[in-house]
1. For THR133, state whether it is at pLDDT 80 or above and over 26 Å from SER60 (Cα atoms).
2. Only one of ASP42, ASP62, ASP18 is farther than 13 Å from LEU102 by Cα, of a type in the set (Asp, Glu) and at pLDDT 85 or above. Can you tell me which?
3. Could you tell me how many of the residues in region 84-112 are in contact with a strand residue (DSSP E or B) (Cβ under 6 Å, 6 or more places away or on another chain) and either in a helix (DSSP H, G or I) or surrounded by fewer than 17 Cβ atoms within 10 Å (Cβ to Cβ) (or both)?
4. Filter the helices (runs of 4 or more DSSP H) completely within region 113-217 down to those with at least 2 residues that are of a type in the set (Gly, Ala, Ser).
Amino acid sequence: MRSILAQTELFSSLSDEDLALVESLSIKRHLAKGTIVFYEGDAVEGMYVLIEGRLKLYSSNDSGREFVYHVAEAGRSFGELALFCDETRSICAEAETDCQVLVVNKSDFLTLLAANPQLKDQMLQNAMQTIKTLTGMVRDFALKDVYGRIRVLFERLAQPTDEGLLIDEQMSQQDIADRVGASREMIAKIMRELVAGGYVETGRKRLLILKKLPEQF
């Protein structure tokens with residue numbers, strides 16, 4: 001577990017001795033797919049490091065409609081910034097796959113923080129990156145149509161392969177809709193057009209971008 005902690009941005013500046021301390025303070029939990037780690041409005045009891053699996057951070061309304069802010073993968077910490085205020089959680093976290101997480105409770109983490117002030121600098125950097133990401137989301141929602149937001153999402157997730165740009169993540173049309181703030185019906189229409197135009201290939205639990213996506217749809 002220590003090697004995973006060392007690769008986590010938040011703990012990357014710690015010595016091996018301090019990483020061992022974090023490891024000793026951590027409680028390992030298995031989360032089955034679909035498990036809610038915390039709901040919006042829950043009390044803040046600790047922070048988490050995802051060591052295996054994939055987990056989404058999102059908000060939802062009374063009708064059940066979701067908006068996904070981020071999908072975290074192994075090596076990502078989450079929930080630590082909320083430890084500095086006595087307010088409740090502002091978002092929800094749910095396991096998209098079976099996950100393993102390390103949990104550090106609030107009092108232990110604050111003690112660790114007092115002994116390692118460099119963690120505050122890393123937390124500030126993480127907070128600034130989060131603000132930058134959210135600012136980009138607001139800009140995209142204000143200035144781009146649904147297709148434009150889909151294109152930004154695909155280009156951000158895709159990795160180059162010999163076949164083309166690959167999104168090696170199982171995303172249903174509803175998943176895409178939740179991440180760009182649109183209806184599933186609108187996503188279905190756009191995806192049909194992209195497949196028909198030879199821009200993307202779907203199936204086998206992946207999405208392959210075959211050629212540069214058009215600027216406008």
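The values are calculated or read from the model by the stated rules, or taken from the named source; none is laboratory data. Since the model is a prediction, treat every value here as computed from it, not as a measurement. Cβ placement follows ideal geometry from the backbone for every residue including glycine, while neighbour counts extend to all protein chains displayed.
1. no
2. It is ASP42.
3. Counting residues in region 84-112 that are in contact with a strand residue (DSSP E or B) (Cβ under 6 Å, 6 or more places away or on another chain) and either in a helix (DSSP H, G or I) or surrounded by fewer than 17 Cβ atoms within 10 Å (Cβ to Cβ) (or both) gives 4.
4. Hits in region 113-217: 118-143, 184-196.
This table checks each residue for (1) within 15 Å of the chain's Cα centre (by Cα); (2) at negative phi; (3) assigned by TED's automatic domain parsing to the domain that holds ALA177.
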{"residue": "THR8", "(1), (2), (3)": "yes, yes, no"}
{"residue": "PHE11", "(1), (2), (3)": "no, yes, no"}
{"residue": "ASP16", "(1), (2), (3)": "no, yes, no"}
{"residue": "LEU21", "(1), (2), (3)": "no, yes, no"}
{"residue": "ARG29", "(1), (2), (3)": "no, yes, no"}
{"residue": "ALA32", "(1), (2), (3)": "no, yes, no"}
{"residue": "VAL49", "(1), (2), (3)": "yes, yes, no"}
{"residue": "GLY53", "(1), (2), (3)": "yes, no, no"}
